[in-house]
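Below: one structure, written as structure tokens.
Read-outs: derived from the displayed coordinates by stated rules, not from any lab. Every value quoted in this text rests on a predicted model; they were computed, and no experiment measured them. Using ideal geometry, Cβ is built from the backbone for each residue, glycine included, and neighbour counts are taken over all protein chains shown.
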Amino acid sequence: MSGDARTIDIFTALSKRKKSFADILNRQKISGIFSSPPYVGLIDYHEQHAYAYDLFGFDRKDELEIGPLFKGQTKEAQKKLC
Ligand SMILES: C[S@@+](CC[C@H](N)C(=O)[O-])C[C@H]1O[C@@H](n2cnc3c(N)ncnc32)[C@H](O)[C@@H]1O
């Protein structure tokens, strides 16, 4: 399962993918999420992992990537993150 961290509804997305796990989450809820956020303006993650999209047939979602290198490191680019 993958999605835009800013907008995904984890419970709905998971219930479409693995209902039994979604049912457990709905009952027990989520206590916390550990995250390693993108290094803003330093890496194009889709390009870095292009082989994986190709190998596994994942759809690329370049336009949803937070702070990719190709959008730069300017204050203006940073303001557009959220
Ligand atoms: C510093 S890396 C962390 C990688 C991860 N911890 C791992 O071990 O594979 C930041 C990750 O954020 C992802 N990312 C960028 N924009 C995102 C978005 N809108 N929603 C969810 N993840 C995003 C990137 O694709 C990248 O894999």
Sort 72-79, 54-61 for me by packing, meaning the mean count of neighbouring Cβ atoms within 10 Å per residue, highest on top. 72-79, 54-61
Built amide H within the under 5 Å cut-off of Asp44, gap 5+: Leu69
Could you point to the residue in Pro37, Phe11, Gln48 farthest towards the positive end of the chain's charge dipole, with +1 and -1 charges on the Cβ of Lys/Arg and Asp/Glu respectively? Phe11
Dipole magnitude of the range 7-80, debye to nearest 20 (Cβ charges: Lys/Arg +1, Asp/Glu -1, about Cα centre): 460
Potential extension, Glu76-Ala5 segment - 0.36 nm per residue separation minus Cα distance: 23.5 nm
